[in-house]
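Contents: one structure, followed by commentary.
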Amino acid sequence: MALPIYTTPGQRVWHYCYMAFCVFVLFFLVAPLVAVIPLSFTSSPFLNFTPEMLALDPDAFSIRWYKSLFGMCADVEDVASTMCHNKWMTGAGRSLYYAVISTVLATFLGTLAALGLSNEHMPAKRAIMALMISPLIVPLIITAAGMAFFFAKINLSNTDAGIILAYTILGMPFVVITVTSTLVGFDRSLMRAGANLGGTPTYNFFKIQMPLIAPGMISGALFAFITAFDEIVIILFIGGPQQHTLPRQMWSGIRQEISPTILAAATILVLFSVLLLTTLELLRRRSERLRGITPH
Amino acid sequence: MSNNDHLVRFVDIQKSYDGESLVVKNLNLDVAKGEFLTMLGPSGSGKTTCLMMLAGFEPATHGEIYLNEQPINKVPPHKRGIGMVFQNYALFPHMTVAENLAFPLEVRHMDKSEREQRVNRALDMVQLGAFGDRRPAQLSGGQAQRVAVARSLVFDPDLVLMDEPLGALDKNLREQMQYEIKHIHENLGLTVVYVTHDQSEALTMSNRIAVFDDGIIQQCAPPEVLYEEPENAFCANFIGENNRFLGEVKEDNGDTVKVEIENHATVVAKKVNVGGVGDRSTLSLRPERVTVNPEPGSVPNIFSGLAEELIYLGDHIRTRFTVLGHDDFIVKIPNSAVHAHLKEGDTVNIGWNAEDCRALDPSD
């Protein structure tokens, strides 16, 4: 980006300061994630870089923490062996289970809500919208505490149904927001054209509207999924011993005994997120291309 | 014409969006089979609302619409079987052109070979046979317009509605599409209800034009009648150009009236839409019906005019005169040697027949 010829020295200095600032912001965003990855391959049971690692000694690296993570304990014989049980895998399974079901529910309900809220004859639109997105605004700890009391009363504490319900509520605002914003650009006359050509309202929704608002639904679903997958506060408040999710395992792992297994888990989660984001972004671009919009 | 020839009938239709003001006031209109009827009017005149009620997208507040003698107020849009071309085309952007056209056929559970056959036939009709695999975003405005027309016809509806379909096109393309749509209408024997605010479009294409203003049909007549014999000041003003004088009726002679305008000159005019002596009236006179230097006594209205401005337009010279105190009196002088000598600032006699000067209601 070349500066225009009329730039004054002051503006020049400001411009370079600004660029440096941006680089710092990006660095602080990415550095913790990047640091985790080599550290997860350490052969020592401590969470720091050993001098051998910095010297790139091959013996300083191992995949023992990954084996521990995946429950392969045969050659793990030291202190970490107490961490070596299937809690990581079952935790990941739990998290996936809650995240998938709550994402499906949140996407379904959130899309319906967005469709209703985008109807011009809908009364009390703003109030309902504010209510729907309140889980995003209210501090999570308050939502969690409220749910803990409420769910205890209606026997939903310590149940899978309770967790799924809570995660659906957390994920729905994302879907409502993304689908609502997609609907702003949606040409209503397309639905009229569909009706005019003989399609029933339901048929038209699936044939015309849904394919066109799919990018919004996908983005919303992605946010909902990630929210549910790495949620820790609510699970601590309303989850029982049976609801042992991956974040919960990491949480108890880091409190009970600091083991690089956590780093291995974190690395896999980072890779998983990158993969998920990339796939969905590609999907979203594809569907935007189908709408005849080129992504910028 | 008996009722059986009517495809569409609006009976006492009223429409209000807010429950207070009427957008359409007591509309009665019949559309004959095979007719090309245009609803023409300024924006907010209620013409599009009428079309939306016919398509089923807006319910009528009062009255009944009949299609093929069947009341259709309670029939949802997807069961009406009416074709429609939308203002912005409303092509489905995620489908190819062929898929767009196949949509109404799929809904009707037509089998694949028949579907393809009809889609191809419709595309050929609008000269887009090779465009079936394109997406709407890859089409030019004119092509998208043709696809929209083809889609509205592909399922063989008896009635096709068009809501300002040419508004987004440039002038040349618009004129070309006017002829194409007109030819399709004639070849297929369709009934078309067409909405536009463009009077030349209406004059070019229609069998009959319903002029809307303020939720009321001001006049519904074939183009030539509407132009030659407007029934009120609104129509005279909205269709084509006209010179207007406002005055008071001084003498009523049955077929003609004498109207005194502001500066006490008296004009003889044809009595069309005016009460008796003492009523106010708008006189309407087409610019091409005015003669420059008429033979004395050949026409009843002869006044002197000062030529203010001459614009050379090839086939005619558009001249602005000051006549009877109005400085916006337009005369279209045919380009013939006779009048070639007229210059700006000249004072000449201009005149017109009583027959061509229509005494109408005193609008605004």
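The values are calculated or read from the model by the stated rules, or taken from the named source; none is laboratory data. Note that the structure is predicted; figures quoted are calculated from it, not measured. When we count neighbours, we look across all protein chains shown, and the Cβ atoms used for this are built from the backbone with ideal geometry, even at glycine.
Of all the residues in the range B:95-109, those that are over 33 Å from the mean Cα position of the chain (by Cα) and facing another protein chain (nearest Cβ under 9 Å) number 4. The number of residues in the range B:277-289 being touching a residue at least 60 places away in the same chain (Cβ under 8 Å) and either closer than 13 Å to B:A354 by Cβ or small (G, A, S) (or both) comes to 5. Note on the range B:95-112: among residues that are in a helix (DSSP H, G or I) and β-branched (V, I, T), the one that is farthest from A:F206 (Cα to Cα) is B:V97.
Picking from residues in the range B:23-51 that are aliphatic (A, V, I, L, M) and either touching a His at 6+ places or on another chain (Cβ under 9 Å) or without any contact (Cβ under 8 Å) to a residue 24 or more places away in the chain (or both), the one that is nearest to B:T196 (Cα to Cα) is B:L40. Counting only helices (runs of 4 or more DSSP H) wholly contained in the range A:130-242, the ones carrying 2 or more residues that are in contact with a helix residue (DSSP H, G or I) (Cβ under 6 Å, 6 or more places away or on another chain) and within 14 Å of chain B (Cβ to nearest Cβ) occupy A:189-196, A:210-229.
Number of residues in the range B:296-329 that are among the small types (G, A, S) and assigned to a strand (DSSP E or B): the value is 3.
Looking only at residues of the range B:77-94 that are at the interface with another protein chain (Cβ under 8 Å from one of its Cβ atoms) and assigned to a strand (DSSP E or B), we find that the one that is farthest from B:L169 (Cα to Cα) is B:G83.
Restricting the range B:212-237 to residues that are among the small types (G, A, S) and in a helix (DSSP H, G or I), which is farthest from B:E288 (Cα to Cα)? Only one residue fits best here, namely B:A233.
Inside the range B:265-298, residues that are farther than 24 Å from B:E224 by Cα and out of contact with any His (no Cβ under 7 Å at 6 or more places or on another chain) make up a count of 15.
Among the residues in the range A:80-96, are any surrounded by 17 or more Cβ atoms within 10 Å (Cβ to Cβ), part of a helix (DSSP H, G or I), at pLDDT 85 or above and of a type in the set (A, V, I, L, M)? Yes, the conditions are met somewhere in the range A:80-96. If the condition is being more than 15 Å from B:A269 (Cβ to Cβ) and assigned to a strand (DSSP E or B), then the range B:330-357 contributes B:I330, B:V331, B:K332, B:I333, B:P334, B:T347, B:V348, B:N349, B:I350.
Considering only residues that are part of a helix (DSSP H, G or I) and in contact with a helix residue (DSSP H, G or I) (Cβ under 6 Å, 6 or more places away or on another chain), which ones fall in the range B:119-133? If the condition is that a residue be part of a helix (DSSP H, G or I) and in contact with a helix residue (DSSP H, G or I) (Cβ under 6 Å, 6 or more places away or on another chain), then B:V119, B:A122, B:L123, B:G129, B:F131 are the ones that fit. Condition first: in the same structural domain as B:E228 (by TED's automatic domain parsing) and within 26 Å of B:Q219 (Cβ to Cβ). Can you find one or more residues in the range B:149-160 that meet it? Checked the range B:149-160: at least one residue is in the same structural domain as B:E228 (by TED's automatic domain parsing) and within 26 Å of B:Q219 (Cβ to Cβ). All conditions in (1) free of Cβ contacts under 8 Å to residues at least 12 places away in the same chain; (2) crowded, with 18+ Cβ neighbours inside 10 Å hold for B:I82, with the sole exception of (1).
When you look at B:L54, is it in the same structural domain as B:L188 (by TED's automatic domain parsing), assigned to a strand (DSSP E or B) and under 22 Å from B:D158 (Cβ atoms), yes or no? Here the answer is no, as B:L54 does not meet what is asked. (1) buried (at least 16 other Cβ atoms within 10 Å of the Cβ); (2) modelled with pLDDT under 90: which one isn't true of B:R320, the others all being true? For B:R320, the failing item is (2).
Within the range B:64-100, the only residue that satisfies the criterion of being farther than 15 Å from B:A144 by Cβ, of a type in the set (G, A, S) and in contact with a helix residue (DSSP H, G or I) (Cβ under 9 Å, 6 or more places away or on another chain) is B:G83. Screening the range B:134-211 for helices (runs of 4 or more DSSP H) wholly inside it with 1 or more residues that are more than 14 Å from chain A (Cβ to nearest Cβ) and of a type in the set (F, W, Y) returns the ranges B:171-188.
Of the residues making up the range A:114-155, those that are loosely packed, with under 11 Cβ neighbours inside 10 Å and of a type in the set (D, E, K, R) are A:E120, A:R126, A:K153. The residues of the range B:64-76 that are within 14 Å of chain A (Cβ to nearest Cβ) and exposed (fewer than 14 other Cβ atoms within 10 Å of the Cβ) amount to a single one, B:P76.
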